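Okay, so here's the structure we're looking at.
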Amino acid sequence: MTQMLKVAMPKGRIYRQASRLFRDAGLPVPDDADDSRKLIIEVPEAGMQFIMAKPVDVPTYVEYGVADVGVVGKDVLMEENRDVYELLDLGIARCRMSVIALPDWKPVLYPRVATKYPSLASRYFRAKGQQVEVIRLNGSIELAPLIGLADRIVDMVETGQTLRENGLVELETMFSITSRLIANRVSYRMKNEAIQALCDRLQPHIRTEERE
Amino acid sequence: MSKPKMFEKPAGVRDFLPEAAERLRHIERRVMECMGRWGYREIMTPTLEYYDTVGMASSTSDARLFKLLDKRGITLVLRSELTAPIARVVSSLLKNEPLPLRLSYSANVFRAMEDEAGRDAEFYQTGVELVGDASAEADAEIIALAIASLEAAGIGSFKIALGHVGFLNGLLQETLAADPEAQSALKECLLKRDHVGYRETISSLPISEASKRELEDLLRLRGGRDVCEQAASSALGGEVREALDHLCRIWDALCDYGVSQHVIIDLTLIGDFSYYTGMIFEGYAEELGFPVCNGGRYDNLLAQFGRPAPATGFALKTNRILEVVGHRPLERPRRVLIRYAVSRRAEALRHAAELRRREGYAVETRPIPDVRADAEGGAPSETQRDLLSDARYDEIITFTDIEENGR
């Protein structure tokens with residue numbers, strides 16, 4: 001029995017880097033798949049089927065087993081808290097999760113933090129013994145401190161360009177983020193050979209030292 | 001929160017409509033019959049238990065227990081599994097029964113889940129406990145019975161991953177004897193299935209490269225008996241060797257059961273270390289993203305109830321199994337509708353009783369509405385025509401009025 005692997009790939013920012021890594025490892029993944037409207041891409045010669053998913057949905061597809069493995073940012077993984085195997089640090093899409101505010105930020109009486117990652121942010125502040133109100137926003141997080149919705153924000157920082165343009169600074173780096181290869185609990189055992197083979201092919205092409 | 005609508009029910013619970021209920025009960029019945037043939041006798045325990053006894057002893061984490069207060073303000077839990085309740089019974093009502101005891105159960109259990117995760121809060125388990133036998137043979141019996149049960153449930157293609165908590169415990173204890181914190185950090189990573197974190201933690205440890213490699217290689221230790229032999233060839237002693245020897249003995253017994261083709265030894269399989277004390281296993285069906293059964297040895301549980309005894313067992317997640325086999329055609333009884341004119345009721349009911357005594361019939365009876373009160377005889381009324389074309393019945397038998405038929 002050949003073990004066809006279903007791979008959930010995140011559309012957008014991470015896709016290009018992930019598909020390049022897969023191609024480096026000799027897996028013929030198209031690099032323009034992201035632009036096409038196709039949701040499922042068959043690559044029979046590699047024994048794989050790629051499912052083009054919204055990044056936050058990748059852990060869900062994998063947890064329910066409709067995808068055997070997936071590529072997803074550590075940020076999403078920490079926020080979604082899904083029961084999946086985290087097999088490999090792919091070393092791509094490097095960035096960091098940070099606490100951000102205006103340069104003149106001082107502790108306030110009733111702190112509010114706006115973020116796209118409410119569960120991650122609330123866990124972080126609770127672990128530090130800080131009492132903050134976490135406000136979930138879906139985009140333009142940088143707006144929150146500028147218009148006074150929150151005194152700080154928690155967001156991903158890649159180059160820091162957006163922050164500088166909006167006159168914001170990083171108060172602290174929470175942790176660094178890269179994309180991970182994740183696997184379903186059952187697939188990890190039922191299709192172990194195929195998954196292990198995928199890991200072994202990717203491993204030599206992962207660049208670990210690259211830091212910003 | 002606003003008042004729920006009349007048809008609403010709490011998050012995480014579900015109704016089983018006749019089709020689903022029939023299928024679930026069918027699976028449970030087949031599995032219980034299988035367990036019965038292996039000498040396991042069914043036991044029923046209450047839905048409610050004390051938090052301080054069964055609740056505390058249970059392997060379910062505190063946050064996932066449904067808790068409620070009785071009239072005196074004492075905390076109760078809805079059972080989250082059957083192993084701890086059975087340990088309570090074995091140590092109390094059955095304390096004079098000689099060991100080993102073989103018990104089976106089929107019951108609904110409750111786990112509080114995060115609302116947004118969309119997971120079930122109530123689900124169904126059918127399982128066994130074998131109390132009072134510490135041997136590898138007992139563990140092999142449990143695994144072989146799990147395999148027979150999965151087959152009885154109708155699952156065609158499945159695998160059992162078999163591990164041993166003693167292996168990892170011993171390995172960590174030997175390599176990191178002076179660093180219990182690092183030990184628990186590594187266990188935590190494996191429990192969370194975080195292999196990236198596991199490797200990161202290892203690389204940060206002040207241990208030799210050889211030890212690091214040994215810990216990292218753990219992630220690849222899976223296969224047949226050779227895995228144990230390979231792992232045993234490294235110069236480790238004590239708990240590690242004991243665990244591997246025990247797994248080899250289980251493996252050999254499984255070969256004699258003729259079921260080893262379903263089993264892979266997987267030393268990366270991790271269970272709750274505070275609960276399991278020996279072998280652990282999980283079962284996976286080909287078509288499903290979640291495990292369909294799990295089990296293991298828990299030699300410390302019964303001591304908590306005052307009757308120290310080794311024990312091993314497993315539970316099938318029958319509602320998950322329903323997802324795998326739910327589309328298969330089910331052996332159905334022949335559905336018969338008997339309609340009768342009131343004047344021939346006795347005859348019709350006698351006929352129904354006779355059919356019901358036979359195997360494989362489901363018989364409903366219903367009087368024919370009085371036609372004369374309807375539209376002056378003639379064509380059958382609307383409701384009658386519906387009945388006659390009703391696809392729910394395989395057969396419709398009609399006992400019409402004798403007078404009208406001129407009989």
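So what is Rg over Rh here for the stretch B:281-347, counting just Cα atoms and using Kirkwood for Rh? Provide the component values of the computation, followed by the final result.
Numbers: Rg = 23.7 Å, Rh = 16.8 Å.
My calculation puts Rg/Rh at 1.41.
When a/c reaches 1.5 or more, the comparison of a/b and b/c decides; with that in mind, is the stretch A:95-175 rounded, prolate or oblate per its Cα gyration tensor?
Cα axes put the stretch A:95-175 in the rounded bin.
In which sequence would B:123, B:314 go, from the one with the fewest C-beta neighbours within 10 Å to the one with the most?
On the way: B:123 17, B:314 25.
Starting with the residue having the fewest Cβ neighbours, the order is B:123, B:314.
About the Cα centre, and with charges only on the beta carbon of Lys, Arg (+1) and Asp, Glu (-1), how big is the dipole of the stretch B:68-213? Nearest 20 debye, please.
I would put it at about 200 debye.
Of B:17, B:228, B:146, whose Cα points farthest to the positive end of the dipole of chain B (charges on the beta-carbon: +1 Lys, Arg; -1 Asp, Glu; origin at the Cα centre)?
Looking along the dipole axis, the top candidate is B:17.
Using only Cα atoms and rounding to the nearest 10 degrees, what angle (0 to 90) does helix A:13-24 make with the longest principal axis of chain A?
Taking Cα atoms only, the helix is inclined about 30 degrees.
Less than 15 Å Cβ to Cβ from residue B:228, Lys/Arg counted +1 and Asp/Glu -1: what total charge do the surrounding residues give?
-4
What percent antiparallel are the DSSP beta bridges of the stretch A:95-175, to the nearest 5?
60 percent
Could you point to the residue in A:131, A:159, A:173 farthest towards the positive end of the stretch A:95-175's charge dipole, with +1 and -1 charges on the Cβ of Lys/Arg and Asp/Glu respectively?
Selected residue: A:131.
Quick one: grab the alpha carbon gyration tensor of chain B, order the square roots of its eigenvalues as a ≥ b ≥ c, and give me rounded if a/c is under 1.5, else prolate or oblate depending on whether a/b is larger than b/c.
Judged from the Cα gyration tensor, chain B comes out prolate (a/c at least 1.5, a/b above b/c).
If the only charges are +1 at each Lys and Arg Cβ and -1 at each Asp and Glu Cβ, what is the size of the charge dipole of the stretch A:102-212 around the Cα centre, to the nearest 20 debye?
For the stretch A:102-212, the charge dipole is close to 620 debye.
Give me the net charge for the shell around residue B:282: Cβ to Cβ below 11 angstrom, other residues only, Lys and Arg +1, Asp and Glu -1.
+3
In the protein assembly as shown, what % of DSSP beta bridges are antiparallel (nearest 5)?
Bridges in the protein assembly as shown that DSSP calls antiparallel: roughly 65 percent.
Is the shape of the stretch B:62-159 best called rounded, prolate or oblate, per the rule: a/c under 1.5 gives rounded, else a/b larger than b/c gives prolate, else oblate, with a ≥ b ≥ c the square roots of the Cα gyration tensor eigenvalues?
Values: a/c = 2.85, a/b = 1.23, b/c = 2.31.
Oblate, because a/c is 1.5 or more while a/b does not exceed b/c.
From the helices alone, meaning DSSP H stretches of at least four residues, give me the mean residue ellipticity at 222 nm for chain B, per-run term -39500 (n - 2.57), in deg cm²/dmol to the nearest 500.
Rounded to the nearest 500, it is -11000 deg cm²/dmol.
Who wins for biggest fluctuation among B:362, B:309, B:134 in a Gaussian network model of chain B, springs between alpha carbons below 10 Å?
Result for chain B, Cα springs under 10 Å: B:362 fluctuates most.
Let me check against my output: what whole-number percent is the relative contact order of the stretch A:12-85, with C-alpha pairs under 8 Å and at least 6 apart?
Averaging sequence separation for qualifying contacts and normalising by length gives 19 percent for the stretch A:12-85.
For chain B, what is the percent of antiparallel DSSP beta bridges, rounded to the nearest 5?
Working: 41 of 58 bridges.
Counting only bridges with both partners in chain B, antiparallel ones make up about 70 percent.
Taking springs between alpha-carbon atoms closer than 10 angstrom, which of B:177, B:210, B:353 fluctuates most in the Gaussian network model of chain B?
Result: B:353 has the largest fluctuation of those listed.
Convert each backbone phi in the stretch B:320-332 into a coupling constant with the Karplus relation 6.51 cos²θ - 1.76 cosθ + 1.60 (shift: θ = phi - 60°), then list the ³J(HN,Hα) values in order as whole Hz, x for Gly and Pro.
5, 4, 4, 5, 7, 9, x, 8, 6, x, 9, 5, 10
Along the positive direction of the dipole of the stretch B:1-141 (beta-carbon charges: Lys, Arg +1; Asp, Glu -1; about the Cα centre), which of B:6, B:65, B:131 reaches farthest?
Value: B:6.
Can you compute the charge dipole magnitude of the protein assembly as shown about its Cα centre, using +1 on each Lys and Arg Cβ and -1 on each Asp and Glu Cβ, nothing else charged? Give it in debye, rounded to the nearest 20.
For this selection, approximately 1160 debye.
For Cα pairs less than 8 Å apart in space and 6+ apart in sequence, what is the mean separation divided by the residue count of chain A, i.e. the relative contact order in percent?
On the way: 405 pairs, mean separation 61.0, N = 212.
With pairs under 8 Å counted, the relative contact order is 29 percent.
Compute a Gaussian network model of chain B, connecting alpha carbons closer than 10 Å, and tell me which residue from B:153, B:144, B:391 fluctuates the most.
Largest GNM mean-square fluctuation: B:391.
Cut-off under 28 Å on the C-alpha distance; same-chain residues fewer than 8 positions from residue A:191 excluded. Which lysines are left, in chain and number order?
A:6, A:11, A:38, A:54, A:74, B:159, B:187, B:192, B:212, B:317
If you average the C-alpha positions of the stretch B:184-211 and of the stretch B:1-16 separately, how far apart do those two centres end up, in angstrom?
Taking the Cα centre of each part, the stretch B:184-211 and the stretch B:1-16 sit 44 Å apart.
Here, each number is a calculation from the coordinates, and none is a lab measurement. Remember, predicted model here, so these are calculated numbers, not experimental data. Note: ideal-geometry Cβ built from the backbone for every residue, glycine included; neighbour counts use all protein chains shown.
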